[in-house]
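Comments concern the structure below.
What follows draws every value from the coordinates through simple rules; no lab data is involved. Since the model is a prediction, treat every value here as computed from it, not as a measurement. Here the Cβ is made from the backbone with ideal geometry for all residues, glycine too, and neighbour counts use every protein chain on show.
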Amino acid sequence: MEVVVTRNIPSAALNVLNKRFKVDLWQSDDIIPRETLISKIKAKDGLLCLLTDKIDKEVLDSAGDRLQAVSTISVGVDHINRSECTMRGIKIGYTPEVLTAATAEFAVGLLLSTSRRIVEGTHAAKRSNSVCFFILCQKYKVTNDVTACVLVLLVDDKTTDRVGTILILRIANFSHSYFFKKDKAFEENLWVHFASFPDLLRESDFIISCCSFNQSTDGVFDKEAFKQMKNSAIFVNIARGGVVNQDDLYDALSRNVIRGAGLDVTTPEPLPTDHPLFTLDNCVVTPHIGSASEKTRTEMTMLAVENLICALENRAMPAQY
Ligand code: GLV
Ligand code: GLV
């Protein structure tokens, strides 16, 4: 059987695949060009991909009847046309759980670096000798303490709930947490409170988006949403760039409608270096590295490899979407 792998993966993982299949590898750390993917996938039995590869009808058409499984090295599956896969009997594998802790921790990091202006402070320190006067300087006045502030997560389904849950535990010592979701067990087990979306926007000092991207979350953080937030609010996004209307966010940040934003996800990815968001001091942008710890990325890759092998050998995948 033959499989396509769309990125250089660690050699341990590649060796496991090489032992079983003929592997057509895109041997690069860059995103595989779409035309290359479309031609490589012809008559292949399996695909190991990343969230930067759009697996749509055209790609699946090019694959033809042999394709049995798409295994993505990600927990999000919004880049894969799931209904087309279902129609063709193609199984989808993904990587939940192994990245939960790393991603939740990263959200805490973005929250702190944004709210406490760590990145901005670093840049200021490089630019000027006078920043040791920070504490007396209005321009660099620090913002709210994270302690005792309300903290909110937008959580909406079973995969992202795990990240949300761990995140709640990580920040429990900082703050009260509110969830946008109704679930009694959560409320009792995590000592959190639930809020409606408008209340959440109005009352939170920090809003962390960790939902999955779908029709109901497409662009929910828009002009209207930012207007309802406090002027001192910090918005963090570890979900998908698509949950935010980025023009509206730029507008809100540049006109101080909200205080700041920390974004690990953007539209597009990578965000072009001349993007207006990069000109803002109150916006921290990272290149989708929420799960990018050595241990986590290795576990994600091994799980994705295992998913692909099981699917092609007709055994249950450890994590079938
Ligand atoms: C990261 O965003 C993932 O979906 O794994
Ligand atoms: C991802 O969100 C997970 O919890 O697995």
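Taking 25 Å as the limit for the C-alpha separation, the pairs K57/K91; K19/K40; K126/K227; K19/K91 exceed it in the case of K126/K227. For K230, go through the aspartates and glutamates and keep the ones whose alpha-carbon is under 20 Å away, minus same-chain ones fewer than eight residues off. Straight-distance partners of K230: D145, D199, E203, D205, D222, D247, D248, D251, D281.
The ranking of T95, T286, T279 by Cβ neighbour count inside 10 Å, starting from the fewest, reads T279, T286, T95. Relative protection proxy for 261-269, 69-77, from highest mean packing down: 69-77, 261-269 (other beta-carbon atoms within 10 angstrom). Extension gain, D56 to N231, is 59.0 nm, computed as 0.36 nm per intervening residue step minus the present C-alpha separation.
Taking 0.36 nm per residue of separation and subtracting the Cα-Cα distance, full extension of the segment from D65 to D247 would add 61.4 nm. You can think of it this way: the chain between E294 and A12 has 100.2 nm of extra reach, that is 0.36 nm per residue less the Cα-Cα gap.
Amide H contacts of V285 (H built 1.01 Å from N, in plane; Pro and chain starts excluded): L263 sit under 5 Å, all sequence-distant by 5 or more or on other chains. Each part reduced to its alpha carbon centroid, the range 189-262 and the range 275-308 end up 20 Å apart.
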